[in-house]
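Read the structure below first, then the notes.
Read-outs: derived from the displayed coordinates by stated rules, not from any lab. Predicted model only: the values in this text are computed from it and were never measured. Cβ coordinates were reconstructed from backbone atoms using ideal geometry, including for glycine residues, and neighbour counts include every protein chain displayed.
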Amino acid sequence: MALYAIGDLHLSLGADKSMEVFGGAWQGYVGKIGTALSTLNADDVLILTGDTSWGIDLTQAEPDFRFLDQFPCKKYLVKGNHDYWWGTVGKMKAFLREKGITTLDFLHNNCQFYGDYALCGTRGWFLDEENKAHDAKMLNREVLRLEASLRAAGDREKLCFLHYPPLYQGYECPPILALLMQYRVKLCCYGHLHGPTIRRRVEGRRGSVDYTLISADALDFRPKKICPDLQ
Ligand SMILES: [Fe+2]
Ligand SMILES: [Fe+2]
């Protein structure tokens, strides 16, 4: 039993937005993801940190859910900025139940547990100087979601999974960074950075928190092992 994470699979099996058009690392990406996921065991846990499916609604995302569901490990999904299919957790869970998809669940306004660890997370947000009023409102909502998730973790060791990076070279998001410090998060995994922007990643310790980028093309489409095996 081990904990893994990866973001930005950008699957498009029911839509017409295959990332193959970008070539390079994205060539054959679905095959690469399949090969990597087939090495995980049924008792492993995989966090998917957003931009999982290009589907515009649950029906269009269903082939991507089925693709993921063929691999038996438990998967917890965080919302990304391109997950247009995302609805209320109740609605999403009802859809999966109705379709017999059993290995997908959500990390949204809650936390999940992995041994003694609490898995917390939310999409996060960018603070853009040009769009300050709108962004401040969206960020505020995300800060509340993250705090709800961290609070639900109680005293457990906290691992945090965000879609948007809370910091990278030339940018930081102070309210998110403050929460991660306040709740003594040990590790923060984030996605969203692709291609040339990957080089702006922040890796390693800042303050008391370790950061790591786990977008799929940064990991060559192989989930990163986050925690050593649990007995
Ligand atoms: Fe992405
Ligand atoms: Fe994204």
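Along Cα→Cβ, 7 Å out, is where each label goes; now give me the distance between the ones at Lys225 and Asp155 in nm to one decimal.
3.1 nm
Subtracting the Cα-Cα distance from 0.36 nm times the residue separation, let me have the gained length for Thr103 to Asp43 in nm, one decimal.
Working it through step by step, the gained length comes to 20.5 nm.
Between Thr35 and Arg200, what FRET efficiency comes out of the Förster formula 1/(1 + (r/R0)^6) with R0 = 30 Å and r the beta carbon distance, rounded to 0.05?
After rounding to 0.05, the efficiency reads 0.60.
Please report, in whole Å, how far the alpha carbons of the chain spread along each principal axis, starting with the longest.
Sorted largest first, the three principal extents are 43, 39, 32 Å.
Looking at the chain, do any whole DSSP H helices span at least 24 angstrom along their long axis by alpha carbon and average -1.0 or above on Kyte-Doolittle, and which?
Result, helices passing both filters: 132-152.
Once both labels are modelled 7 Å past Cα along the beta-carbon direction, what's the Lys91-Glu147 spacing in nm?
Label-label distance for Lys91 and Glu147, simple model: 2.7 nm.
Looking at region 134-227, what % of its DSSP beta bridges pair antiparallel, to the nearest 5?
Taking every DSSP beta bridge with both residues in region 134-227, the antiparallel ones total about 40 percent.
Per DSSP helix of 4 or more residues, -39500 (n - 2.57); summed, then divided by the residues of the chain. What does that give at 222 nm, rounded to the nearest 500?
Result for the chain: -8500 deg cm²/dmol, rounded to the nearest 500.
With both bridge residues required to lie in the chain, what share of the DSSP beta bridges run antiparallel, to the nearest 5%?
Around 30 percent of the beta bridges assigned by DSSP in the chain are antiparallel ones.
Please work out, to two decimal places, the log10 of the ratio I(q)/I(0) at q = 0.24, 0.29, 0.32 Å⁻¹ from a Debye calculation in which every Cα of region 144-186 carries one identical scatterer.
Rounded to two decimals, the profile gives -0.85, -1.16, -1.31.
Once R0 is set to 25 Å, what does the formula 1/(1 + (r/R0)^6) return for the Cβ-Cβ distance between Asp57 and Met138, expressed as a FRET efficiency to the nearest 0.05?
The calculated FRET efficiency here is 0.70.
Label-point separation (nm) for Asp116 and Asn81, each offset 7 Å from Cα along Cα-to-Cβ?
If labels sit at Asp116 and Asn81, their model points lie 3.8 nm apart.
Can you tell me which lysines have their Cα less than 17 Å from the Cα of Lys79? Leave out same-chain residues fewer than eight positions away.
Lys91, Lys93
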